[in-house]
Amino acid sequence: MNARGTLPRGRAVLALAALSLGGAHAAARGPALCPAVRDPARPGFITSIDDRLFVLPEFDYYVPWTSEDARHLEEFSRLLRRRGLTLVVAPVPYKSDLYVTAANNPLPGRFDPGVAHTRYQALLGALRKVGIAVVDGEEVARDLPAAQEYYTKHDHHWTGEAVEATATRVASLARASGVPLGAPSTVNLRPFREAYGGSIAGELQRTCGITLDPPEQRTFFDVTLDAPEGLLGEARQDVVVVGDSFAYSYFGFPKVLSARLATPVVDASINGGGCCSALTTFFSTRRLGMPEPRLLVWGALNPNFSARATREYKPTIYQAYARPMAVAKGTARIGMSGAARAAVRLASSLSVGSRYFVGMRFEGPKVESFSLDLNSGAGSERVEFWRPSSVTAPRYDTSFFYELAPGARDLRDVSFTGPRGALVTVTLYKYGADAF
């Protein structure tokens, strides 16, 4: 990949966002949409507000916040601090959050801009409460000059100007935290403008035969780094970016952040990976003795900090830094015929006051999604996993981790529904006393 990068082919991602606020410019007329895209009950729905195009997933909300989420988030924050990791989160607002008002709302039965704002700010408040630094994307959008946008008009992604403004705020928060980033490097950043059709514009052309001409212009970035390891090298991992396509190098965020921090940045984001798979992929593949990041930057649409999500994040990060105690272990193979299920019996009693998690290692076929059932005397808990990967190999070795509920007294067995032929090794681990 060159410094600018190329966006690889892969699973299309619709839930992504872009630019400036609705009242910042004189209204421009949008294209006349054909009937095939105007029905919100049908796939491929497209609507417009002035000359900005929207698809249905852009009318979603950030998830509501609960007290259980808060308890697990507090532990997650403490675990990061004990591992010497500073986390800065840049949650991207939904496109509708920035541009839809009560007056122009095209889907009043589905979307409420007041709810969107409240949900977004609730997440920021929860993160700040536990000491995690955040960049307020709504504030970034408000502060952009009138001639600049936060979202591109014909796509689900942010503009180069929003990238620059967000990276600048991330760098400011990182410096304020005092995180040590090693000797400065010289990073040469060159912005340039280029036509960018956008995925919504492409769908409009395919479905309605409408070509938006001239195409929208977007700011991209070239970058060079005067350091032996190069921008994306492995020699230093002081700064690691995780996230979805918003944080992906093609759109420029790691490049601009590298320039603002004057240091190499490792881009571990996953295009098409949803909000969170980049985080678990990065830490599940780390081994003791590898270079340790000091600053973790998470840029994504709707980063998930629910109790379910943080129960996956915590053990995934913990096992990358510690040698957890194995309490029980078993293996099973998912059959090639019949139900694609397997079970591993553990029959383990758990100590009161201790905390546990399970590690699941899949060998053989690629595993990107599976169902997990944790069965105990108190009942069963089902968890769905999804972690897409663009890696191609003749054989795969993939690990997942999940934390048992606090206060769990036993774990009888673990069962799976997943890819046929996979050999599954399940290990029950006990957290060390210094985990949280």
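Pull up region 369-382, narrow it to residues that are surrounded by 15 or more Cβ atoms within 10 Å (Cβ to Cβ) and not aromatic (Phe, Trp, Tyr), then point me to the one that is nearest to residue 285 (Cα to Cα).
Looking only at region 369-382, we keep the residues that are surrounded by 15 or more Cβ atoms within 10 Å (Cβ to Cβ), and these are 370, 372-376, 381.
Checking the rest, the ones that are also not aromatic (Phe, Trp, Tyr) come to 372-376, 381.
Working: 372: 20, 373: 23, 374: 24, 375: 27, 376: 29, 381: 26 Å.
The selected residue is 372.
Conditions (1) more than 30 Å from residue 66 (Cα to Cα); (2) free of Cβ contacts under 8 Å to residues at least 60 places away in the same chain; (3) outside any loop (DSSP other than H, G, I, E, B); (4) in the same structural domain as residue 180 (by TED's automatic domain parsing), marked per residue:
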{"site": "211", "(1), (2), (3), (4)": "yes, yes, no, yes"}
{"site": "242", "(1), (2), (3), (4)": "no, yes, yes, yes"}
{"site": "273", "(1), (2), (3), (4)": "no, no, no, yes"}
{"site": "286", "(1), (2), (3), (4)": "yes, yes, no, yes"}
{"site": "291", "(1), (2), (3), (4)": "yes, yes, no, yes"}
{"site": "309", "(1), (2), (3), (4)": "no, yes, yes, yes"}
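Might you let me know whether region 47-54 holds any residue that is without any contact (Cβ under 8 Å) to a residue 12 or more places away in the chain, assigned by TED's automatic domain parsing to the domain that holds residue 215 and in a loop (DSSP other than H, G, I, E, B)? Explain how you work it out, then say what you get.
Our first condition is that a residue be without any contact (Cβ under 8 Å) to a residue 12 or more places away in the chain; within region 47-54, this holds for none.
Scanning region 47-54 turns up no residue that is without any contact (Cβ under 8 Å) to a residue 12 or more places away in the chain, assigned by TED's automatic domain parsing to the domain that holds residue 215 and in a loop (DSSP other than H, G, I, E, B).
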For a quick check of your reading: which strands (runs of 3 or more DSSP E) sit entirely within region 322-431 and have at least 1 residues that are under 23 Å from residue 275 (Cα atoms)?
356-364, 369-376, 379-386, 396-403
Residues (surrounded by fewer than 18 Cβ atoms within 10 Å (Cβ to Cβ) and farther than 25 Å from residue 80 by Cβ) located in region 149-188
186, 188
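For residue 415, are the conditions met, namely being in the same structural domain as residue 347 (by TED's automatic domain parsing) and either farther than 29 Å from residue 83 by Cα or touching a Pro at 6+ places or on another chain (Cβ under 6 Å) (or both)? Explain how you work it out, then say what you get.
Numbers: in the same structural domain as residue 347 (by TED's automatic domain parsing): yes; either farther than 29 Å from residue 83 by Cα or touching a Pro at 6+ places or on another chain (Cβ under 6 Å) (or both): yes.
So residue 415 passes the test.
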Taking region 297-309 as the region of interest, how many residues are touching a helix residue (DSSP H, G or I) at 6+ places or on another chain (Cβ under 8 Å) and surrounded by fewer than 22 Cβ atoms within 10 Å (Cβ to Cβ)?
2
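Kindly establish whether residue 422 is outside the structural domain of residue 343 (by TED's automatic domain parsing), touching a residue at least 60 places away in the same chain (Cβ under 8 Å) and buried (at least 18 other Cβ atoms within 10 Å of the Cβ). Before you say what the answer is, go through the steps one by one.
Details: outside the structural domain of residue 343 (by TED's automatic domain parsing): no; touching a residue at least 60 places away in the same chain (Cβ under 8 Å): yes; buried (at least 18 other Cβ atoms within 10 Å of the Cβ): yes.
No.
Yes/no per residue for (1) outside the structural domain of residue 152 (by TED's automatic domain parsing); (2) within 21 Å of the chain's Cα centre (by Cα); (3) at pLDDT 95 or above; (4) exposed (fewer than 14 other Cβ atoms within 10 Å of the Cβ):
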position	(1), (2), (3), (4)
42	no, no, no, yes
70	no, yes, yes, no
93	no, yes, yes, no
111	no, no, yes, no
132	no, yes, yes, no
Pairs please, first residue from region 367-382 and not assigned by TED's automatic domain parsing to the domain that holds residue 284, second anywhere and polar (S, T, N, Q) and part of a loop (DSSP other than H, G, I, E, B), Cβ atoms under 9 Å, 6+ apart in sequence or on different chains.
367/389; 368/389
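Is it true that residue 186 is modelled with pLDDT under 95, in the same structural domain as residue 264 (by TED's automatic domain parsing) and either within 20 Å of residue 252 (Cα to Cα) or of a type in the set (Asp, Glu) (or both)?
Numbers: modelled with pLDDT under 95: yes; in the same structural domain as residue 264 (by TED's automatic domain parsing): yes; either within 20 Å of residue 252 (Cα to Cα) or of a type in the set (Asp, Glu) (or both): yes.
Criteria met by residue 186.
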Within region 155-164, does at least one residue satisfy the condition of being of a type in the set (Val, Ile, Thr) and in contact with a Phe, Trp or Tyr (Cβ under 9 Å, 6 or more places away or on another chain)?
yes
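The values are calculated or read from the model by the stated rules, or taken from the named source; none is laboratory data. Predicted, not measured: the structure shown is a model, and the values here were computed from it. Cβ coordinates were reconstructed from backbone atoms using ideal geometry, including for glycine residues, and neighbour counts include every protein chain displayed.
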